[in-house]
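Here's the structure we're looking at; comments come further down.
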Amino acid sequence: MSMDSSGSTVPARNWYFNLVLQDIITEEQSDALAQVAGFHDGRISLVESPERSWFTCSFEAETLTRAIADALARFEDFPGVLVQSVELDPISLEYNEMTTPAVVRLPA
């Protein structure tokens, strides 16, 4: 638990979101990913389609912003892979108990 700006405690909870990559993962990047320990604890998983690559994420934190920051920090050990956007799909919205879609695009 942590304290919010009012001084009350805020319990940590699981947040669900997707990190969409700028480009499709290459075979070399996929091989490199197998060596990055931060991607093997079950909280972040690669999903691929012919059109795009993304990571589904489930991180425990006090806020969604903190959970996203924790997930993005893992990419410091995975050079050459750029996150294009953070997306909350309908399933994520339901799990996060949110009622409206949200997309946080990273600055260009």
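Nothing in this text is a laboratory measurement; each read-out follows from the coordinates by a stated rule. Computed from a prediction, not measured in an experiment: that's the story for all the values here. Glycine also receives a Cβ, built like all others from the backbone with ideal geometry; neighbour counts cover every protein chain displayed.
For the reader, a short list of remarks on this structure follows.
- Length-normalised contact order of the range 19-62 in % [C-alpha pairs under 8 Å, at least 6 apart]: 47
- Relative packing of 22-29, 67-74, which averages over residues the other C-beta atoms within 10 Å, highest first: 67-74, 22-29
- Phi to ³J(HN,Hα) by Karplus 6.51 cos²θ - 1.76 cosθ + 1.60 over the range 74-86, Hz, x for Gly, Pro: 5, 6, 4, 8, 10, x, x, 10, 10, 7, 7, 7, 10
- Computed from phi, the 3J(HN,Hα) profile of the range 20-31 under the Karplus parametrisation 6.51, -1.76, 1.60 (θ = phi - 60°) reads 8, 8, 5, 10, 5, 5, 7, 4, 5, 5, 4, 5 Hz, with x in place of Gly and Pro.
- Highest mean packing comes first when the peptides 82-88, 54-60 are listed by Cβ atoms within 10 Å, giving 54-60, 82-88.
- Rg and Dmax [Cα atoms of the range 1-95; Å; Rg one decimal, Dmax integer]: 14.6, 48
- Across the range 52-57, rounded Karplus estimates of 3J(HN,Hα) from the backbone phi angles (6.51 cos²θ - 1.76 cosθ + 1.60, θ = phi - 60°) give 6, 10, 8, 10, 8, 10 Hz, Gly and Pro being marked x.
- When the charge dipole of the range 28-69 is built from unit charges on Cβ atoms (+1 for Lys and Arg, -1 for Asp and Glu) and taken about the Cα centre, the candidate among W54, Q29, T65 whose Cα reaches farthest toward its positive end is T65.
- Placed amide H near V81: partners under 5 Å, 5+ positions off or other chain: none
- Long-range HN-HN contacts of W15 with modeled amide H, under 5 Å: F59, E60, A61
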